[in-house]
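Colleague: Quick one: the structure is below, questions incoming.
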């Protein structure tokens with residue numbers, strides 16, 4: 001005989017799960033006991049939201065769902081932001097929540113919330129498990145649904161009496177896992193796309209969020225190498241291609257008028273690989289603009305600002321290989337078009353080594369790039385600095401700049417970096433957080449210490465919600481209602497057992513980060529940031545004052 005909780009843990013082991021993140025409650029105690037004697041590590045976090053961010057980032061970096069657990073009611077509802085983060089960001093994740101017994105009601109409605117209903121719009125699937133015998137098949141189906149394109153979160157609710165229910169193991173066999181090959185695009189669609197690309201004078205590749213899957217690195221990089229077509233990316237498509245092609249034109253951190261849009265506006269055809277319209281538009285489609293080919297696992301979402309002229313629907317990796325076969329040796333791109341690259345990249349690197357203090361965003365990006373090796377992973381929270389890193393930070397290895405341009409929630413930077421450090425203990429991992437976003441989940445420093453992670457957290461300190469203050473100023477409102485006080489971040493880090501640093505001169509930033517990485521362990525580095533460059537560059541320079549970029 002086996003309990004439902006034993007079947008759940010065995011089914012998770014069958015899926016290759018090695019860690020579960022979260023905070024169990026009374027209703028999960030049978031599951032906790034089953035985990036105690038399993039091969040799965042239970043990683044206690046200090047807030048359920050952080051557990052969900054960690055599980056989602058596991059899915060993002062590996063392609064396999066991360067798993068998180070919470071109790072009923074308040075604990076389950078704390079998963080909501082993480083569920084939306086994974087849902088909009090297409091990250092596979094399994095959330096397991098507890099619930100009171102469903103066959104009796106000895107505590108009436110105490111703590112009971114309809115979590116299934118609350119999770120329905122935030123997940124790909126949500127189910128209450130009502131029979132222990134059904135657990136293995138439900139778990140297998142949950143992983144299948146979570147991983148299928150478009151990936152995302154799945155929620156399972158396991159009531160405590162179902163978890164404790166005993167069943168004959170033979171009546172609930174563990175379901176075997178097998179590979180699933182995705183369908184390949186139709187030859188007619190590939191022929192149509194190839195003809196459009198060959199007829200174009202200035203074709204330009206755009207890589208979106210759906211192109212940034214771990215298994216697509218090689219086919220996507222190979223497509224760029226074989227076609228020799230210039231490319232740019234959306235924020236979440238950044239780092240999908242390995243470096244060294246000399247074809248990268250920039251990142252569309254804004255929707256229009258940035259330097260990379262010089263190339264976008266010159267293009268007569270854009271090959272949009274994996275574009276997901278949950279992102280802020282990387283460019284605005286309109287009358288008389290370039291034609292667009294959508295290449296994706298699923299058909300395009302047609303929006304006011306995105307309506308492709310042709311679609312190649314199927315496995316992106318296989319589709320790109322077949323498309324490159326049709327294009328090989330036949331392309332003759334306009335050399336002047338690629339010559340725009342030097343001017344674009346020079347513009348976004350402007351003033352990157354300025355010594356003024358507080359430190360400018362350009363200098364912060366420059367110094368972070370200086371201390372991070374090619375395979376180092378930078379995980380961004382959300383704030384004004386995200387635009388600067390998206391525009392200015394050059395990636396050389398795929399999936400080494402993690403940012404969220406879908407839900408764009410604050411509070412995810414530290415947990416996502418912790419997950420990256422767990423998965424890649426041999427690589428440098430840096431969390432970049434604003435002071436506002438950091439304090440939303442700063443308690444996870446204790447979790448990072450307990451896990452003995454090697455992790456550096458860079459806090460950009462401006463004592464306010466900087467992005468909103470900037471928008472408030474740009475829109476002509478008074479500077480009001482968006483500032484706050486901060487703790488002494490050095491002593492705050494020390495209180496958890498981490499090492500704390502404060503930057504008092506711009507020249508000290510890179511050496512301090514380097515020293516922190518060299519020492520190992522958890523380090524927090526606080527640096528005052530000067531966001532005056534937001535207005536100078538992102539408003540005055542780009543909106544009507546952008547100098548023409550030379551093409552030679």
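The values are calculated or read from the model by the stated rules, or taken from the named source; none is laboratory data. Treat the numbers as computed from the prediction; the structure is a model and nothing was measured. Virtual Cβ from ideal backbone geometry, glycine too; neighbours counted across all protein chains shown.
Colleague: If I filter segment 69-86 for residues that are on the phi > 0 side of the Ramachandran plot and not in a strand (DSSP E or B), do I get at least one hit?
Modeller: Yes: segment 69-86 contains one or more residues that are on the phi > 0 side of the Ramachandran plot and not in a strand (DSSP E or B).
Colleague: Go through (1) modelled with pLDDT under 95; (2) surrounded by 24 or more Cβ atoms within 10 Å (Cβ to Cβ) one by one and return the number of the condition residue 102 breaks.
Modeller: Going through the list (1) modelled with pLDDT under 95; (2) surrounded by 24 or more Cβ atoms within 10 Å (Cβ to Cβ), residue 102 breaks only (2).
Colleague: Conditions: (1) surrounded by fewer than 23 Cβ atoms within 10 Å (Cβ to Cβ); (2) modelled with pLDDT under 95. Residue 310 meets all but one. Number of the miss?
Modeller: (2)
Colleague: Considering (1) more than 27 Å from residue 536 (Cα to Cα); (2) outside any strand (DSSP E or B); (3) within 21 Å of the chain's Cα centre (by Cα), say which one residue 514 fails and leave the rest.
Modeller: Every listed condition holds for residue 514 apart from (3).
Colleague: Return the only residue of 245, 255 being in contact with a helix residue (DSSP H, G or I) (Cβ under 7 Å, 6 or more places away or on another chain), free of Cβ contacts under 8 Å to residues at least 60 places away in the same chain and either farther than 19 Å from residue 193 by Cβ or surrounded by 24 or more Cβ atoms within 10 Å (Cβ to Cβ) (or both).
Modeller: Step by step, each of 245, 255 is checked, and only 245 is in contact with a helix residue (DSSP H, G or I) (Cβ under 7 Å, 6 or more places away or on another chain), free of Cβ contacts under 8 Å to residues at least 60 places away in the same chain and either farther than 19 Å from residue 193 by Cβ or surrounded by 24 or more Cβ atoms within 10 Å (Cβ to Cβ) (or both).
Colleague: Could you tell me which of the residues 329, 317 is assigned by TED's automatic domain parsing to the domain that holds residue 232, surrounded by fewer than 18 Cβ atoms within 10 Å (Cβ to Cβ) and either at pLDDT 85 or above or more than 30 Å from residue 502 (Cβ to Cβ) (or both)?
Modeller: 329
Colleague: Mind listing whichever residues of segment 35-51 are more than 21 Å from residue 73 (Cβ to Cβ) and either in contact with a strand residue (DSSP E or B) (Cβ under 7 Å, 6 or more places away or on another chain) or surrounded by 15 or more Cβ atoms within 10 Å (Cβ to Cβ) (or both)?
Modeller: Matches in segment 35-51: 35, 38, 40, 41, 43.
Colleague: I've got another one for you. Go through (1) surrounded by 13 or more Cβ atoms within 10 Å (Cβ to Cβ); (2) in a helix (DSSP H, G or I); (3) modelled with pLDDT of 95 or more for residue 458 and report which single condition fails.
Modeller: (2) is the only condition that residue 458 fails.
Colleague: Can I ask one more? For segment 367-388, give me the residue count where each residue is under 15 Å from residue 251 (Cβ atoms) and touching a strand residue (DSSP E or B) at 6+ places or on another chain (Cβ under 6 Å).
Modeller: The qualifying residues number 4.
Colleague: Name, by its number, the condition in (1) in a helix (DSSP H, G or I); (2) under 24 Å from residue 380 (Cα atoms) that does not hold for residue 194.
Modeller: Against the list (1) in a helix (DSSP H, G or I); (2) under 24 Å from residue 380 (Cα atoms), residue 194 comes up short only on (2).
Colleague: Yes or no: residue 187 modelled with pLDDT of 90 or more, more than 18 Å from residue 397 (Cβ to Cβ) and surrounded by 15 or more Cβ atoms within 10 Å (Cβ to Cβ)?
Modeller: Answer is no for this residue.
Colleague: Looking at segment 221-250, which of its residues are closer than 15 Å to residue 399 by Cβ and not in a loop (DSSP other than H, G, I, E, B)?
Modeller: Scanning segment 221-250 gives 221, 233.
Colleague: Of all residues in segment 258-285, how many are at pLDDT below 90 and crowded, with 22+ Cβ neighbours inside 10 Å?
Modeller: Residues flagged as at pLDDT below 90 and crowded, with 22+ Cβ neighbours inside 10 Å within segment 258-285 amount to 2.
Colleague: In segment 357-383, which residues are surrounded by fewer than 23 Cβ atoms within 10 Å (Cβ to Cβ) and closer than 21 Å to residue 409 by Cα?
Modeller: 382 - this is the single residue of segment 357-383 that is surrounded by fewer than 23 Cβ atoms within 10 Å (Cβ to Cβ) and closer than 21 Å to residue 409 by Cα.
Colleague: For segment 87-105, what are the residues that are within 25 Å of residue 147 (Cβ to Cβ) and assigned to a loop (DSSP other than H, G, I, E, B)?
Modeller: 90, 91, 92
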